[in-house]
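Here the structure comes first, spelled out in structure tokens, and everything after it is commentary.
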Amino acid sequence: MTDLEEDVRICQPGGKGLFLPLGGEAELYWDTRLKVILYGTGLIYCFLGVSIAADMFMAAIERITSKQHKVPVPGADRYVTVQVWNETVANLTLMALGSSAPEILLSLNDVIKNGFFEGKLGPSTIVGSAAFNLFVIIAVCVNSIPNGEIRCIKELGVFVITAAWSIFAYVWLLYIVHFNTKDVVEVWEGVMTFLFFPLFVANSWAQDAGLLTWANFKGFFCPDMARELTDGDEGDRPPGALQRCCRVVCFLAGRICLRTTRLVSGTYGCFIRLVCPRAMRRRLSAERATADEIAELDDDAVMEVEILDKEGEKVDCEAGVMSFKSDTMKVQAGDEERKYTVTVYRRNGDLGRVTVRYYTVPLSAVPGYDYEEDEDELTFRDSVHEQEIEFTILPKFHGELDDKFQIVIEDESGTVMFNPKRDGGEEKNILTVHISNENPKPRSGWERFLRFADRALNVDEMRLATVQWKEQILESIYCNGSREGQEEAGIQDWLVHIIWVPWKVPLAITTPPPGYLGGWVCFAASLLGIGVLTVIIGDLAELFGCALGVNDSITAISIVALGTSVPDLFASRTAAKQDEYADASIVNVTGSNSVNVFLGIGLPWMFASLYWSIMGASPEWTHRYGESFGAEWGQNGQAIFIVQSGNLFFSVCVFTVCACICLIVIGLRRYLYGGELGGPSDPKAYSSFMLLTLWFIYIALSVWSLSTGVQDISTQMIAISIAIPGLAVSLLFFMLLLQALKVSKKFIGEEGFWGVMVSAGIIGGGGLFFFF
């Protein structure tokens, strides 16, 4: 037996999945139509459960990536607030993992449940999902922008990098399964596929950080040009190639070490605190010393009469430049609630009535336990130069650690400006409030325990998360999320609630909110939930395809890929309509498609290739592949991971060709209309139709190849060559139809036009039936 098609399918005698079928072989004798309905409904219902778990997973990721910290400004006695996670790195790692988790886990499960033999659902789902993301999601986003509006990509360099990597990922897939060692995945190929993921992230980060610029390339590869610019001055000559390589390697190594340290600190911070209390005490003492130094700077700060920019020039704004006196403020907390005020200054102009918004942002302090959360507006009347913000500090228990939160002022209307020398810069100003506990040190054993727990876990954060968990469970039980909402619920509300509640309640109970340990507990629990659901989806997809008599790969590229990607479709459409730029709609798609290959295929194939390299040939491996691959790869008890490349090769080829066409369309839209999304009505419709047609071409050709079993490469290439002119003809027909519809509106109306079209279709169809 050399072909995996001869394996026993899940709905045949002797076939089984990990969880299903629940009825065992008794389900084999059920009516086929009943099985199709039950398995299809169950598959769709599981997709609903995955969407809920994925929302929880994304909430955890947002909590993790939103973490901020303060860093010193070089050459200045002040600190500024920055994100711990680089935005590009966060989007291509945790965010991409969040959107691609179902596909990745499905592919991993597919290999494991098949005993580390090749699975059909995993790779086909990865490629099918990539096709849906690139063609359908972008088509919908292009057409969802109102006529005349444009959304362009802000980080164009990052888009170019992610787009290039997304094409490379599938070309690499073709290379390892067909051109290098046909139908064989060696260990180094599986490992390299996985290692491309960190290289991809590092490449995108380097572009985002401004390291991959034309000037840097010229300085690195053309030192003679740089030497000419220095007029031959020996002391100003650029370093040699070896020095430049060493500098780049050292810089990247330093950044990797820094990110690793921060990740370890965030993930295992609780363990480190418990095991090394002395080290944590020294660290806390150092943080208090830093806070005291900042407070001294705050006490000595004097609000300047005129606000200057970084070059020392006066900032001109008739409405005024808003600013805090300093970047930090130190307050005391005790056994009772206390109120404090902070002044917002208006300098360099006082013309007219202006309003700024202010709100609080938690750092280590927890709203409702350390301070009262607040959000409001400050109104400055004409010629008014100062206004005060009042905030409340809540009591602290004896031994509780010091905490911090921030007060942010911003102006969404753009009427006023902000002090560029303050934390937050020109767009907003940020004041960090340090809450110092003035209560005596803990004396009793209980107070010492609370201090220890606060040092390890942040007791207030755990208390708030516990309250949120209880509310989360109650919201999942009640229709419309509360007792009051349930009393007003209608029939439609109850119908929706009954459909969703079997997923909402178990997931709400088993998945805590993101408040625990900075979101990592929610991250792990929701990922586990998605993993369990993908196992069930894998079994249901095989049962559904088997009941229909359809190849599992066809089920994967169509139904499974569609079900796992539809939540991304709605999220991207919302982002396209609400965001100012198109990055969240397009860059995330190209980045996610790369991650799908490097993790969704790289991880399972790396594990499978390592497994067979270590375990050697088993009787089943010899029975499956001994005749075809044993002579070359199965000698002396050795074994190799086998991937039948025929249908996968053609599917990836079709996708790669269509993806290149899609990227060309996106580039032309930016060149012609100034943005990738939106634009004039007609070009917008043409672009969306063309992208949707590319998806239909991919599905049609892949289904044709899987159904007919055509393995001849020349025949497959002819099919692709025929599809490209077919795309052009379809687009031309659509353009003529759209113009005809516009003209007909002036004479017979839209209803009359479609009536004529339907009549012509009926007459034409009848004529064809008569003659043929």
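The values are calculated or read from the model by the stated rules, or taken from the named source; none is laboratory data. Fair warning: this is a prediction, and the values are worked out from it, not measured in the lab. Glycine gets a Cβ as well: all are built from the backbone with ideal geometry, and neighbour counts include every protein chain shown. Just so you know, the surface numbers come from the protein's heavy atoms only, side chains and all, with ligands and any DNA or RNA stripped out. Shrake-Rupley method; radii C 1.70, N 1.55, O 1.52, S 1.80 Å.
Things worth noting here:
- Partners for LYS577 among lysines (Cα-Cα distance below 23 Å; same-chain residues under 8 apart left out): LYS154, LYS684
- Normalised contact order of the range 599-712, rounded percent, pairs of Cα under 8 Å and 6 or more residues apart: 25 percent
- Per-residue packing, averaged as other Cβ atoms within 10 Å, sorts the ranges 108-121, 667-680 into the order 108-121, 667-680, beginning with the highest.
- Backbone N under 12 Å from the LEU28 label point (7 Å along Cα→Cβ), restricted to the range 533-561: none
- When the C-alpha to C-alpha distance is required to be over 18 Å, the pairs from LYS67/LYS441; LYS325/LYS421; LYS67/LYS421; LYS330/LYS396 that qualify are LYS67/LYS441; LYS67/LYS421.
- Residue ranges 579-585, 375-381 sort as 579-585, 375-381 when ordered by packing (mean number of other C-beta atoms within 10 Å per residue, highest first).
- Leading residue at positive end of dipole, the range 476-586 (Cβ point charges), from GLN492, SER572, ILE509: ILE509
- Average accessible surface area per residue within the range 429-577, 1.4 Å rolling probe, Å²: 47 Å²
- A simple spin-label model places pseudo-atoms 7 Å from Cα toward Cβ; at HIS623 and ASP335 they are separated by 7.8 nm.
- If R0 is taken as 25 Å, the Cβ-Cβ distance between PHE168 and LEU672 corresponds to a FRET efficiency of 0.40.
- Radius 11 Å from Cβ of GLY518, net charge of other residues (Lys, Arg +1; Asp, Glu -1): +1
- Filtered GluC sites (Glu not before Pro), the range 431-471: DSSP coil and at most 16 other beta carbons within 10 Å: GLU438
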